[in-house]
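The numbers here are math on the coordinates, done by the rules we state, and not lab data. Note that the structure is predicted; figures quoted are calculated from it, not measured. Here the Cβ positions follow ideal geometry from the backbone for every residue, glycine too, while neighbour counts run over all protein chains shown.
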Amino acid sequence: EVKREAEKLTPVRIGYISTDIHHLAFFVAYYKGWYEEEGIKPVRMEYLYGMPEMMAFKAGELDAGYVGIVPAIIAKAKGANLVVVASANLEGSAIVAKPEIKNVFELDGKTVGTPGLGSIQDCMIRMVEERFNLRMNVKHYKFSDLPLLLGRGEIDAYIDWEPFCAEAVIKKIGHIIYTSHDILPNHQCCVFYVSGKLLKEKPEIAKKLVRVHVKAMRFIRENPEEAKKIFSEMTGKPLNVVDECWGRMVWDYHVNVKSIKIFVPFLIEQGKVSARDISDVDRFVESLVNTKLLAEVEKS
Amino acid sequence: MASKFLGKSYKTFLNNFVSLTIFLFLWEILSITISSPFFPNPLDVWEAFLILLLKGDVEGISLTTHIVASVSRVLLGFGLAVVTGIPLGLVMGLKRVAYGSVRSILEPLRFIPPIAWIPLAIILLTGCARYMLIIWLGAFFPILLNTMAGVQTVNPTLIDVAKVFGADKKTIVVKTVFSNALPEVFAGMRIGLGVGWMCIVAAEMIGGEMAGLGWLILKYGELLNVSGMIVGMVLIGIIGLLMNETFLRVEKRVFRWRREVTL
Amino acid sequence: MASKFLGKSYKTFLNNFVSLTIFLFLWEILSITISSPFFPNPLDVWEAFLILLLKGDVEGISLTTHIVASVSRVLLGFGLAVVTGIPLGLVMGLKRVAYGSVRSILEPLRFIPPIAWIPLAIILLTGCARYMLIIWLGAFFPILLNTMAGVQTVNPTLIDVAKVFGADKKTIVVKTVFSNALPEVFAGMRIGLGVGWMCIVAAEMIGGEMAGLGWLILKYGELLNVSGMIVGMVLIGIIGLLMNETFLRVEKRVFRWRREVTL
Amino acid sequence: MKYKVEVEKVSKFFVNPNGERLQVLDNISFKVYDGEFLCFVGPSGCGKTTLLRIIAGLEKPSSGRVRVEGETPNPKKIRIGFVFQEEALFPWRNVWDNIKFGLEVRGNYNPKIVEDVVRLVGLENFKSYYPHQLSGGMRKRVAIARALAVNPSIILMDEPFGDLDAQTRWIMHKELYSIHEKLKKTTILVTHNVEEAVYLADRVLVLTRRPAKVKKEIFIGLERPRNKLSSQFIRFREEIIGFLREEVPEI
Amino acid sequence: MKYKVEVEKVSKFFVNPNGERLQVLDNISFKVYDGEFLCFVGPSGCGKTTLLRIIAGLEKPSSGRVRVEGETPNPKKIRIGFVFQEEALFPWRNVWDNIKFGLEVRGNYNPKIVEDVVRLVGLENFKSYYPHQLSGGMRKRVAIARALAVNPSIILMDEPFGDLDAQTRWIMHKELYSIHEKLKKTTILVTHNVEEAVYLADRVLVLTRRPAKVKKEIFIGLERPRNKLSSQFIRFREEIIGFLREEVPEI
Ligand SMILES: Nc1ncnc2c1ncn2[C@@H]1O[C@H](COP(=O)(O)OP(=O)(O)OP(=O)(O)O)[C@@H](O)[C@H]1O
Ligand SMILES: Nc1ncnc2c1ncn2[C@@H]1O[C@H](COP(=O)(O)OP(=O)(O)OP(=O)(O)O)[C@@H](O)[C@H]1O
Ligand SMILES: [Mg+2]
Ligand SMILES: [Mg+2]
């Protein structure tokens, strides 16, 4: 009977990044079996970072997923038919510096690592430079190598997503001197998206997905200790690392459209997306973000 | 004879044991001098290995699943490389014009890193074919080039022998050129297998599926768990070694006729 | 003679031109059938190339800087592989016991993917040595294994000739074994150069420095700019081709004595 | 068909390492009767091997034409047994497998035949030896056995007995002679041993030094089996040696 | 020192492909005087090459001992000129570079010496040819030239003249003879040509069939230069042929 039950479930392929705590809602929902409760069989599609996930999405291998807002913007600008239906988290990045550096002003003239050109973190460090009129020597590395490099003394500080900032703190290699909250409060970070095709052809499935997402987000806010444990258990990140970074994420499922409208022009300015693809920022963001389902779910 | 042989393999075993011990010892020393939280000593790695073996990885996927996933991908890609590389190597070794004519396409391909192919693999192919493409790219060219080089080492008089017996081209190629090139072809296959195995991490970077030793390494990398990464590396190395030993066994049988070169 | 030679190279050029044209044509067809914004057609790539050439990359770094950075890294790593691989290959080819004794360390190393070394490279080395390690890992083993295979192809009578003239081991190795193995050593070097170049993306994944063709590919990858990635791939391919041609030229001169094998 | 082999005005040039042309055969013409035993003798480097290779179809003449059984030489059509002057055994095949090679190619391998030729060359105890485990003379005998195994319709031999001791050579002569008597196969033999030539041949062609022409054609009209000590035999021998002496390069 | 080479009770075994022992030399003993010209004759495959290789130090005897100039054979100490029975030219070196090889190894390369030996073997016009561009006889001459170039104190030759025509062979004989007369170098020659042996040697050793022993020792006490047609010469020749005939394997 259980078997027949399972056969009735609709498979949905969900993409996410393998150890990104920003995608916690997925881990929780999966762990709790909430997808199945909605008649959905979640197919885990795990990626290393945003680029291969967006490529796979474009190749038609994903129905929904979690990804950083910047890769989502870039993919959308390139014609990927994805729709952001909810926020996965706000904030959640930070600048870690070696112990000698006490505050963000001391970064002037220092070497600062970022997890890459296409990351939101690179955007934000540029904002810091601009705001305080600093000149940093910004270098790009692989996101998971940044703590190693700080430990080797090769960089003076880095900006990264969690829990890779917490790693350095726990290993006592560095300390947090500035968070993404300080840079742009409540900025959009990772998002939950569904494919435009799914939204059009099977809106009821999309709605169920959003419902699960919201349920998971609420659970995270209400039972942080259990959520941490789930993440730690599913990804292998030590609990103390998860603990350390916990406070730097805002678990809000409402999309911060305003911050997206700040990022898009910034990305264009930096040449990361082409103005040819985004002629009108407002229209672009409108087509990218659709919170109708979210509103419906919230109401019921 | 038999006892002498046993004696020899026993000695080889001992030698290997000694060099491994020295290696582990040096590693321990290094880990003490460096004393970085990221640089594990052999014991940490052993522990990580035991956990992986007994409990599976952080997502509960068993070691066997990882190994089977990677080995089957590599063997498929490598098999494709053998099937394509050897015949093409023979043809191009014998018809230099053919090689000359496609050199401007073929040679650049050889240098393009497997990782660079990932986006195109994702766009153009699906499923296992993606992994195969990337491993094929690594394994194909060593096999091709070594076969081509091996073809050139044949003693032309032996081809003449086949010719005067009225052999057609196929027979000549199979019975003289190929038989003669076989040692180099084998060397090429062993190199190709190595390079193919080397591409497994790049291939599994494609993501999507959750099993594979390459993926294991990448995941442990994200966890900054260098011990776990080293377990993955060592496993990849050991499986490579086993495949290599199989090859060497086969070579030993096939090339019995060789006079061993000694000084 | 000279005119015949010219005629031949002209024909080769033409053949290559034709096969390239066919290749580009097929690509265009493919891009039309697929029609994905992520799969550019040749013209998009050409445009991306022009932009890169004239304005530099998204961060304003010029193409020359990227090329110089990568080429110098690869040449250093490759040079190290040549310097270590050939002598070791000779020694291990001649002293099978030596090879047998370190096989259990050496062979596994050969299979460990370059990307997997990155964390260790970061922990253990600094600066250019890191790149060199990773490229060396790729280039060393093909050179080593091909040299070992080449050693075995020497006609033992030639060694005897050297011996009766009272040659010491060094002379025997240099003047008979090595001279004889040279064609295979060259093949190994060409394979090794390919694999070394292939490791450049893995090496440059270490990051930190902003120049390098591998880095360029990674950077464009993050921006999902496949045209830009293909420009990087093609550049890597073309530079590889040029290095390969240089090798072939040298080989042609060095191996003038070879009878060409034809059917 | 009267002539098995017709060589008409054949010249051959090679390109030497300095890019110059080296003429090896100079407008050479002769015919070989069906069933004839012909010997070439001539100074070292004059072009005998080249000539044999052209007849076997391994090399093209630079000018002139060659006909074997009335057609352009083609080993796919005629069964040729060729014994090469240089080492030409497959190092990866043992004695047995080397000898069976021709049969294998022709698709009519039969262990019985191989057994017979192995006995013929006296290598019964060495069937499983690889070439490098044989003596020089034994290797040559394997090559002879391999050529004979295919029951060739034309036998071309380039110094086949050079590495053999007098007795073994003598036995091989007798075998070759009796094969020829029995089956009347057209045979062309290159040799430096004039006695061998006079003993075996119906006709001996003495070649000039490079570029080779036919200097002299000597029909050996002696009854078989021939007596090497008969005065006629010795006369033929001395005559040929005399011609050869005129052609020797001045060293 | 009276003896240049002393071979004492030497036996040699090989392992055949079936793993059995094959005895090649059977407790063989002989001595070679300083300055002597010694010839080995014996049936094909009896062990002559093996013996020569043992004397040159290329192979170890399974039992017994060999002394060259009173010591274990060591080519690093004695200058040996060895002509191998098989092809042994470096394919990647042209004629000139092949000949200079020994001088190069000994560190006393001198173009003058190379020029001389090239002339000696009549290859002045072929200096830049690679081995595959030479005829069989020419390749053999290159090998001879290479062995003589180093001014060896002991010359070991394994069928050096097999691929040469009678005239060239004759000239090489005279050259070898005059080198020997002039410099009195100890020379050991393996040959299948009994006439050659009687013409050149001070002493001929006839070997039995495998495993080889010394069957007969014949001192050729003829004045030099010898006349091949003299009755004494013919008597020696026939005597040796007679011994050999007894040893021939029954093919
Ligand atoms: N590929 C080649 N390139 C240049 N010259 C060549 C080539 N092959 C043969 N020759 C030349 O052709 C000439 C004749 O060679 P060939 O082998 O026919 O002589 P031969 O009569 O068989 O001599 P031998 O009795 O010494 O074997 C030689 O001078 C040789 O140098
Ligand atoms: N490596 C080896 N393994 C096994 N048997 C060998 C090996 N080398 C030589 N033999 C055998 O030793 C015997 C003598 O060989 P050797 O070459 O000394 O003969 P030879 O007297 O020079 O003959 P030939 O006149 O034919 O050159 C042969 O029967 C040969 O098969
Ligand atoms: Mg010849
Ligand atoms: Mg011999």
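Testing the spin-label approximation: label points 7 Å from Cα along Cα→Cβ at D:T72 and A:D280. State their distance in nm.
Modelled inter-label distance: 7.7 nm.
Rounded to two decimals, what ratio of Rg to Rh does segment D:87-152 give with C-alpha atoms and a Kirkwood Rh? Before the final figure, lay out the partial values.
On the way: Rg = 10.4 Å, Rh = 11.3 Å.
Using Cα coordinates only, the ratio equals 0.92.
Let a ≥ b ≥ c be the square roots of the eigenvalues of the Cα gyration tensor of segment B:107-159; is it rounded (a/c under 1.5), or, if not, prolate (a/b larger than b/c) or oblate?
Details: a/c = 4.87, a/b = 2.95, b/c = 1.65.
Because a/c hits 1.5 or more and a/b exceeds b/c, segment B:107-159 counts as prolate.
Sorted from shortest, what are the nm distances separating the label point of E:L183 from equivalent points in the other copies, each placed 7 Å from Cα along Cα to C-beta?
Nearest first, the other copies' label points are 4.9 nm away.
Distance cut-off 27 Å, Cα to Cα: go down the list D:K140/D:K185; E:K12/E:K216; D:K185/E:K140; A:K58/A:K261; A:K102/A:K228; E:K185/E:K213 and report the pairs above it.
Values: D:K140/D:K185 21 Å; E:K12/E:K216 20 Å; D:K185/E:K140 31 Å; A:K58/A:K261 24 Å; A:K102/A:K228 29 Å; E:K185/E:K213 25 Å.
Going by Cα-Cα distance, D:K185/E:K140; A:K102/A:K228 fall outside the 27 Å limit.
With a sphere of radius 13 Å drawn around the Cβ of C:K95, what net charge do the other residues whose Cβ falls strictly inside it have (Lys, Arg +1; Asp, Glu -1)?
Details: positive: C:R96, C:R103, C:K169; negative: B:E260.
For residues surrounding C:K95, the net value is +2.
Would you mind getting me the FRET efficiency between D:E175 and D:R106? Use the beta-carbon distance for r and R0 = 22 Å, nearest 0.05.
Working: r = 22 Å, r/R0 = 0.99.
The pair D:E175/D:R106 has a calculated efficiency of 0.50.
Across peptide C:53-66, what mean number of C-beta atoms from other chains lies inside 10 Å of a residue's C-beta?
Neighbouring Cβ atoms belonging to other protein chains average 1 per residue here.
What is the magnitude of the charge dipole of segment E:52-197 about its Cα centre, with +1 placed on the Cβ of each Lys and Arg, -1 on the Cβ of each Asp and Glu, and no other charges, expressed in debye to the nearest 20? All intermediate terms of the calculation are to be shown ahead of the outcome.
Numbers: 22 positive and 18 negative charges, 116 e Å.
It comes to approximately 560 debye.
Can you return the lysines within cross-link range of D:K228? Criterion is Cα-Cα under 17 Å, with same-chain partners fewer than 8 residues away left out.
D:K174, E:K228
Within segment C:67-251, count lysine pairs with alpha carbon atoms under 26 angstrom apart where the residues are 8 or more positions apart or belong to different chains. Don't skip to the answer; put the middle values down first.
On the way: C:K95/C:K163; C:K95/C:K169; C:K95/C:K170; C:K95/C:K175; C:K163/C:K175.
Taking the Cα cut-off of 26 Å, the pair count is 5.
Select from E:H180, E:H132, E:H192 the residue whose mean-square fluctuation is largest in a Gaussian network model of chain E (Cα-Cα springs shorter than 10 Å).
Residue with maximal mean-square fluctuation among E:H180, E:H132, E:H192: E:H132.
What does the copy distance list look like for E:Q23, label position 7 Å along Cα→Cβ, in nm and ordered from shortest?
6.1
Compute the label zone of B:I32 within segment C:117-157: residues whose backbone N is under 20 Å from the point 7 Å along Cα-to-Cβ.
Residues passing the 20 Å test: C:124.
What does the charge count near E:G107 come to, summing +1 for each Lys or Arg and -1 for each Asp or Glu among other residues with Cβ under 13 Å from its Cβ? Write out the running numbers ahead of the final one.
Details: positive: C:K170, C:K175, E:K76, E:R79, E:K100, E:R106; negative: C:D168, E:E104.
Taking every Cβ under 13 Å from that of E:G107, the sum is +4.
With unit charges on the beta carbons (Lys and Arg positive, Asp and Glu negative) and the dipole taken about the Cα centre of chain B, which residue among B:P156, B:G100, B:G188 sits farthest to the positive side?
Checked the options; the winner is B:P156.
Taking a quarter of the surface of the convex hull around the Cα atoms of the protein assembly as shown, what do you get in nm²?
Numbers: hull surface 230.0 nm².
Orientation-averaged projected area of the Cα hull: 57.5 nm².
Between C:K95 and B:K169, take the C-beta separation as r, use R0 = 45 Å, and let me know the FRET efficiency to the nearest 0.05.
The formula returns an efficiency of 0.65 here.
Near A:I101, within a Cβ-to-Cβ distance under 10 Å, what is the net charge of the other residues, with Lys and Arg +1 and Asp and Glu -1? Please list the in-between numbers first.
Working: positive: A:K98, A:K102, A:K110; negative: A:E100, A:E106, A:D156.
Once all neighbours under 10 Å are counted, the net charge is 0.
Let's test the formula: R0 of 30 Å, r as the Cβ-Cβ distance of B:R259 and B:F13. What FRET efficiency results, to the nearest 0.05? Before the final figure, lay out the partial values.
Values: r = 26 Å, r/R0 = 0.87.
Efficiency at R0 = 30 Å is approximately 0.70.
Across every pair of different alpha-carbon atoms, what Kirkwood hydrodynamic radius in Å does segment B:1-148 reach?
Numbers: mean 1/r = 0.0503 Å⁻¹.
After inverting the mean inverse Cα-Cα distance, the result is 19.9 Å.
Based on Cβ point charges of +1 for Lys and Arg and -1 for Asp and Glu, what charge dipole magnitude is obtained for segment C:67-251 about its Cα centre, in debye rounded to the nearest 20? Don't skip to the answer; put the middle values down first.
Numbers: 13 positive and 9 negative charges, 101 e Å.
The dipole magnitude comes to about 480 debye.
Picking from D:N108, B:L53, C:I122, whose Cα lies most toward the positive end of the charge dipole for the protein assembly as shown (charges on Cβ: Lys, Arg +1; Asp, Glu -1)?
D:N108
Work out Dmax and Rg for segment B:174-263 from the C-alpha atoms and quote the Rg first, both in angstrom.
Just the Cα atoms of segment B:174-263 yield Rg and Dmax of 17.9, 54 Å.
Apply the a/c threshold of 1.5 to the C-alpha gyration tensor of segment A:199-243 and tell me whether it is rounded, prolate or oblate.
On the way: a/c = 4.98, a/b = 2.42, b/c = 2.05.
Note, shape of segment A:199-243 comes out prolate.
When Cβ neighbours within 10 Å are restricted to other protein chains, what is their mean count per residue of peptide B:232-243?
Numbers: counts 3, 8, 2, 3, 5, 10, 4, 2, 6, 9, 3, 2.
Across B:232-243, the average partner-chain Cβ count within 10 Å equals 5.
Of A:K171/B:K55; A:K197/A:K272; D:K48/D:K77; E:K9/E:K48, which ones are farther than 19 Å apart at the Cα?
Flagged as over cut-off: A:K171/B:K55; A:K197/A:K272; D:K48/D:K77.
Just order B:85-92, D:204-211 by mean Cβ neighbour count inside 10 Å, highest at the front, would you? Please report the intermediate quantities before stating the final value.
On the way: B:85-92: 20.5, D:204-211: 22.4.
My ranking of the peptides, most packed first, is D:204-211, B:85-92.
Which number comes out as Rg/Rh for segment D:149-251 once both Rg and the Kirkwood Rh are worked out on C-alpha atoms? It would help to have the intermediate numbers written out before the result.
Numbers: Rg = 14.1 Å, Rh = 14.7 Å.
Over the Cα atoms of segment D:149-251, Rg/Rh equals 0.96.
Need one word for chain C: rounded, prolate or oblate. Basis is the Cα gyration tensor (sqrt eigenvalues a ≥ b ≥ c); a/c below 1.5 gives rounded, then a/b vs b/c decides. Numbers along the way, then the final one.
Values: a/c = 2.61, a/b = 1.44, b/c = 1.82.
It is oblate, given that a/c is not under 1.5 and a/b is not larger than b/c.
Please order B:I115, A:I205 by the number of other Cβ within 10 Å, starting at the fewest.
On the way: B:I115 27, A:I205 19.
Ascending Cβ contact count within 10 Å gives the list A:I205, B:I115.
Mind checking the full-extension length gain between A:R218 and A:R131? Use 0.36 nm per residue of separation minus the Cα-Cα distance, one decimal, nm. Provide the component values of the computation, followed by the final result.
On the way: separation 87, 0.36 × 87 = 31.32 nm, distance 3.46 nm.
Between A:R218 and A:R131, full extension yields 27.9 nm more.
Using the Karplus curve 6.51 cos²θ - 1.76 cosθ + 1.60 with θ = phi - 60°, what ³J(HN,Hα) values do you get for each residue of segment E:83-92, in whole Hz, with x for Gly and Pro?
Per-residue couplings from phi come out as 9, 7, 5, 8, 3, 9, 8, 6, x, 8 Hz.
Within 10 Å of each Cβ of E:96-105, how many other protein chain Cβ atoms are there on average?
Values: counts 0, 1, 1, 0, 0, 7, 6, 1, 4, 11.
Counting other chains' Cβ atoms within 10 Å and averaging over E:96-105 gives 3.
Which aspartates and glutamates have a Cα lying under 17 Å from the Cα of D:K31, excluding residues fewer than 8 positions away in the same chain?
Reachable aspartates and glutamates: D:E6, D:E8, D:E69, D:E71, D:D202, D:E217.
How many angstrom separate the Cα center of segment E:46-103 from the Cα center of segment E:155-171?
18 Å
What ranking of B:S35, E:S29 emerges when the number of other C-beta atoms within 10 Å of each C-beta is taken as an exposure proxy, fewest first? All intermediate terms of the calculation are to be shown ahead of the outcome.
On the way: B:S35 9, E:S29 12.
Result, fewest neighbours first: B:S35, E:S29.
Please report D:F14, C:F25 as a ranked list, fewest other C-beta atoms within 10 angstrom at the top and most at the bottom.
Values: D:F14 15, C:F25 11.
Ordered from fewest to most neighbouring Cβ atoms within 10 Å, D:F14, C:F25 come out as C:F25, D:F14.
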